[in-house]
Every structure is written in structure tokens, then in C-alpha cells.
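S.K.: Sharing a structure here in C-alpha cells format.
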């Protein structure tokens, strides 16, 4: 793993943690430890993690240069795939909750 890939991986891990600490709520974003867990929108959180994981894995693969992938890169890409599969399975198990707008006449 070259230096650029290490920087991308480190930034991805930091962003992943920050997204987890400030999850989407029903009324914006808030700190995880001060909010009620019922107010957290887990489906949006999983989508954010999915997009971040796919982007980081893609950047790591893109920045490989002319070198072949070593064992650590295979582990990182494999973990990213496992996280993506888990997120897709978990998100598929929860129905989408669309806001219902009621008009008054």
C-alpha cells in the first residue's frame, strides 16, 4: 500500500467514525450520545456508510498505480465488500419510510 492509499484509508476511517458519532436524525443531525436512539434514521446512516465505503475502496483501487495488490489491499477491499453486503442486507430488511404529506382543503 503506497502513501496515497494510506492517506485515503485513514481519512475514510476518520470520516466513518464521525458519521457514526453524528448520525442523521428526524430533524437534522445530532451527537450520538445526546440523542434518543429512536430518533436516529438508521437507513440514512447505512446509506452514508455504504457510499463512503464504496468510495474509499474505489479510491484505494484506483491509486494502486502500476504495482500489484498486496495482502493488506486485498484485506481492505474484502472488508469493504463485506461491509457493503452487510449494509445492503440490513437496509433491505427495513421498509422505506416516506413522509406522508396531507393537504387541508
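S.K.: Among the residues of region 1-10, what is the count of those that are more than 16 Å from residue 79 (Cα to Cα), surrounded by 12 or more Cβ atoms within 10 Å (Cβ to Cβ) and without any contact (Cβ under 8 Å) to a residue 12 or more places away in the chain? Explain how you work it out, then say what you get.
M.R.: Within region 1-10, the first condition is being more than 16 Å from residue 79 (Cα to Cα), and the residues that meet it are 2-4, 7.
From the residues that got through so far, the ones that are surrounded by 12 or more Cβ atoms within 10 Å (Cβ to Cβ) too are 2, 4, 7.
Applying the additional criterion that residues be without any contact (Cβ under 8 Å) to a residue 12 or more places away in the chain yields 7.
Summing the residues that are more than 16 Å from residue 79 (Cα to Cα), surrounded by 12 or more Cβ atoms within 10 Å (Cβ to Cβ) and without any contact (Cβ under 8 Å) to a residue 12 or more places away in the chain in region 1-10 gives 1.
Residues checked against (1) out of contact with any helix residue (DSSP H, G or I) (no Cβ under 7 Å at 6 or more places or on another chain); (2) assigned to a helix (DSSP H, G or I); (3) modelled with pLDDT of 80 or more:
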| residue | (1), (2), (3) |
| --- | --- |
| 7 | yes, yes, yes |
| 16 | no, yes, yes |
| 55 | yes, yes, yes |
| 72 | yes, yes, no |
| 84 | no, yes, no |
| 89 | yes, yes, no |
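S.K.: Here is a follow-up. If you go through region 19-29 one residue at a time, how many are assigned to a strand (DSSP E or B) and either more than 23 Å from residue 83 (Cβ to Cβ) or without any contact (Cβ under 8 Å) to a residue 12 or more places away in the chain (or both)?
M.R.: So the answer is 2.
S.K.: Can you tell me which residue is nearest to the chain's Cα centre (by Cα) among those in region 45-71 that are exposed (fewer than 14 other Cβ atoms within 10 Å of the Cβ) and within 18 Å of residue 16 (Cβ to Cβ)?
M.R.: 51
S.K.: Related question: Could you tell me whether region 30-41 includes any residue that is closer than 25 Å to residue 77 by Cα and assigned to a helix (DSSP H, G or I)? Working first, answer last.
M.R.: Of the residues in region 30-41, the ones closer than 25 Å to residue 77 by Cα are none.
Checking region 30-41: not a single residue is closer than 25 Å to residue 77 by Cα and assigned to a helix (DSSP H, G or I).
The values are calculated or read from the model by the stated rules, or taken from the named source; none is laboratory data. Keep in mind that what you see is a predicted model, and the values were worked out from it rather than measured. For neighbour counting, all protein chains shown are included, and Cβ atoms are generated from backbone atoms with ideal geometry for every residue, glycine included.
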